[in-house]
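This report concerns only the one structure given below.
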Amino acid sequence: MDPLKRSPPPCPSPRPSSPRTQPCEMLGHVGIETVLDQLKIKAMKTGFEFNIMVVGQTGLGKSTMVNTLFRSKVWKSTHPGTGVSMPQTLQLHSETHVIEEKGVKLKLTVTDTPGFGDQINNDKCWEPILGYINEQYERYLQEELLITRQRHIPDTRVHCCVYFVPPTGHCLRPLDIELLQRLCRTVNVVPVIARADSLTIEEREVFRNRIQQNLKTHCIEVYPQKCFDEDINDRILNSKIRDRIPFAVVGADREHLVDGRCVLGRKTKWGVIEVENMAHCEFPLLRDLLIRSHLQDLKDITHNVHYENYRVGRLNASHLLPRGPGWVNLAPATPEQLTSPRPLRACRRPHDDSEEESGLSMANPRPASS
Amino acid sequence: MDRSLGWQGNSVPEDRTEAGIKRFLEDTTDDGELNKFVKDFPGNESCHPPEAKTRVSRPQIPEPRAETPDLYDDDLEFRPPSWSQSSDSQQYFCAPAPLSPSARPRSPWGKLDPYDSSEDDKEYVGFATLPNQVHRKSVKKGFDFTLMVAGESGLGKSTLVNSLFLTDLYRDRKLLSAEERIMQTVEITKHAVDIEEKGVRLRLTIVDTPGFGDAVNNTECWKPVAEYIDQQFEQYFRDESGLNRKNIQDNRVHCCLYFISPFGHGLRPLDVEFMKALHQRVNIVPILAKADTLTPLEVDRKKRRIREEIERFGIKIYQFPDCDSDEDEDFKLQDQALKESIPFAVIGSNTVVEVRGRRVRGRLYPWGIVEVENPGHCDFVKLRTMLVRTHMQDLKDVTRETHYENYRAQCIQSMTRLVVKERNRKYDQKPGQSWQGGSQAQLWVRPSPSLVLLQALSSIQVGPGVLLALPIPLSPSPQQTDSREWYRLPHPCCPTRDRSRN
């Protein structure tokens, strides 16, 4: 007679160890996927940061490439023969811009290295570069160790270093190898074949293969590093990219008319080299790698791996100093610490807890939380 | 789109043919999935980018999201039927194998790609996919949330938790008899459950406080709770300062639901003491429990009274962030309504009843049926929306940026004070002289957590990288003020700095 029925209580899941939501008995849903929205909104409000460094000899088109990548005149590209004298020593200079697209704000910092490899004796020319990179790590570390920290520590660490290989067509030069060996341990490096319009397609392939062999022989791990692939999807994706590294790129900041279309390119007597044309050069691949798909990944690896290596190195090295009161250890970093690369470690990402890194295990392992 | 530096690019739509794509496909190395991929490529797919939202997400999600298939599907085959509801999980970034001169590298973001077409390649740099990149990583990692429920026995805490997260956490619970309760002390128990919805995983940890307020003499019964919270902070602090930061477990309590009994006249002394002890450590959300024993008028009166008392006693409960000024009126009203519903009058239920043909969670009485999810009956929906759908991230942020930072700062300061004292004591004492009894006693009278931490820290570090001079805190960076700045404890070294929301 009572039209209202009472149903039995929601049945327990068949596996009592991990209760889950019961689709059959579930009425409505909790709505936790909205956490993603919340995250996204927060990220859009705070904006993103990205720091990129371009390294290579003068005249390889670094400034032009940066302008092409970000479709802005980040720098005035230096043209040959305009009387610009070559800097005597390697000087780094950075420029920061805030660009916005579709509501997403990006604070972009580009660091250039004019004068790299231009001298007669290029010994130790990588030291200012390493010094700069480590200085940024140091700055972040100091901020992190403060007693009252900022809510959002400004991130000036170099997330990606694009290395321009001159298109000799043979193989990597000793200078390239020396620098790459040191850089790869400190920062994410993406090598590119600069000014690829001086090589034909076949020559490019041969050059590329030789470079890949060189990299393998000298154990240089460029981005995307094989050891950081998280799962099968990543591995597949990244191995496709690794097959094509180094990308053969051409940069241009002028537009020309081709078949009625307006394209970015370089115009020569025998044709127009279109920058966005995949048949002509691999610039779109570079741009997509750096910006459209792997930007966050670059930042994560910098933060979780390279920065952590630096931090561990600094904390460990400081034990040489006498103990004393206070909180923060760090004695000022010696110049030697700043410029020498750290020993190669197979460090993995935070979630990959199956393997132990050498010498980094905690003295008191924590019991896992229930 | 406005940018600080920009091109004046003209873009002309490209003529992209299927034939062109197929021709170039033959040239490349055989890539099975790629072929299939391109065969299903219907030309220029029109993507519907979600408009960049600059507001706190609303309780009602404006656009229904398609079912996000499992991201970790090892099946690489491209599924044509689901093209219409494609999401970033299904499309792999196949660009590195170049197809045709004009084929735009296939975006991995699919429908969520904010760039509509290949013309955008000409005009845009392409970093508006950044939120999607972050999104993808978060989905892979999953989220975690720790919720504490506190209050006397019998106020419906377990039932409410079950109703909120649609789980059955307390199925095997045995209620203690009266005799057993006499001997019971306050414990802290943890239950963890993994919830997955639409591809998003949440690891929810519920911290319960059985025995709270149940004894005859309840003096300082909040102490175990406060100590637990501090312990979690301490553990996180230790991990964060250690050498190996790869697998830090974050057990910090993000939110505490405090249950107020509906039978009293507002807050009782125990409630006040508890909240005052904890408001600097955790986000407190007061709840008016078992609200089905009250009429709407009574609920209103009680809420007002509790709000007054909270203010009078200076209890700092969790404050909702203010709306942006560019939100619409409707949203602002909603936000206002939310703020005025504190404390939330909730009803929980483990049973399902049938009402007007629908099955709902509710409580069956002879005089009617109370529906848990009916906004007219109680504030359950508001609470759930606030806790899960709109403010979960904010709760975590406030815990991380305010409560934890306060704890850390205090911890470091007391550590340095102790160590300075210790050092001074050593320097003061000359050989042959007797101890400065007073200072030593002062130093060792109570092993505070910070001293323990100091010792723990020095024992943990592999090459004990210990401690030198106190750094001079940098001058506060100019940031906009948050209206919740009263959260910040005064810093002895430098004056209260505005912790802002960027």
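The values are calculated or read from the model by the stated rules, or taken from the named source; none is laboratory data. What you see is a predicted model, and the numbers here were worked out from it, not measured in a lab. Cβ coordinates were reconstructed from backbone atoms using ideal geometry, including for glycine residues, and neighbour counts include every protein chain displayed. The area values use the complete protein model at the heavy-atom level, side chains included, leaving out ligands, DNA and RNA. Shrake-Rupley method; radii C 1.70, N 1.55, O 1.52, S 1.80 Å.
Ordered by solvent-accessible area of protein heavy atoms (1.4 Å probe), largest first, the residues B:GLU308, A:GLU33 come out as B:GLU308, A:GLU33. Across the stretch A:114-247, Cα pairs under 8 Å and at least six residues apart give a relative contact order of 23 percent.
Look at the alpha carbon pairs under 8 Å that are at least 6 residues apart: their mean separation over the length of the stretch B:146-412 gives a relative contact order of 19 percent. Calculated accessible area for the stretch B:146-412 comes out at 41 Å² per residue, all protein chains present (probe 1.4 Å; ligands, DNA, RNA ignored). For the chain pair A and B, buried accessible area totals roughly 13200 Å², probe 1.4 Å, rounded to the nearest 100. For B:GLU196 and B:ALA226, FRET efficiency with R0 = 51 Å and r from the beta-carbon atoms, rounded to 0.05? Working from the Cβ atoms, E equals 0.95.
The listed residues B:VAL388, B:VAL360, once ranked by accessible area (1.4 Å probe) with the largest placed first, stand as B:VAL360, B:VAL388. Heavy-atom accessible area for B:PHE313, with the other protein chains in place and a 1.4 Å probe, reaches approximately 80 Å².
In this structure B:ILE188 has an accessible area near 50 Å², from a 1.4 Å probe over the protein heavy atoms. Efficiency by 1/(1 + (r/R0)^6): what FRET value for A:THR96 and A:GLN119, r their Cβ-Cβ distance, R0 = 22 Å, to the nearest 0.05? Rounded to the nearest 0.05, the efficiency is 0.20. Taking a ≥ b ≥ c as the square roots of the eigenvalues of the Cα gyration tensor, the stretch B:146-412 is rounded, since a/c falls below 1.5.
About its Cα centre, the dipole of the stretch B:146-412 is roughly 560 debye, where the only charges are +1 on Lys and Arg Cβ and -1 on Asp and Glu Cβ. Taking all protein chains as shown and a probe of 1.4 angstrom, A:HIS280 keeps an accessible surface of around 60 Å². Can you tell me the FRET efficiency between B:ASP328 and B:ARG301 if r is taken as the Cβ-Cβ distance and R0 is 25 Å, rounded to the nearest 0.05? Calculated value: 0.20. Spin-label model, A:LEU175/B:SER414: points 7 Å from Cα along the beta carbon direction are separated by 5.9 nm. Ranking A:HIS218, B:HIS403 by solvent-accessible area of protein heavy atoms (1.4 Å probe, all protein chains present), from largest to smallest, gives A:HIS218, B:HIS403. Restricting to Cα pairs below 8 Å that are 6+ residues apart, what does the relative contact order work out to for the stretch A:161-206? Please round to a whole percent. Reported relative contact order: 57 percent. Would you mind classifying the stretch A:201-328 by shape? Square roots of the alpha carbon gyration tensor eigenvalues, ordered a ≥ b ≥ c; an a/c under 1.5 is rounded, otherwise it is prolate if a/b is larger than b/c and oblate if not. Prolate, since a/c reaches 1.5 and a/b exceeds b/c. For the stretch B:146-412, DSSP calls about 55 percent of its internal beta bridges antiparallel.
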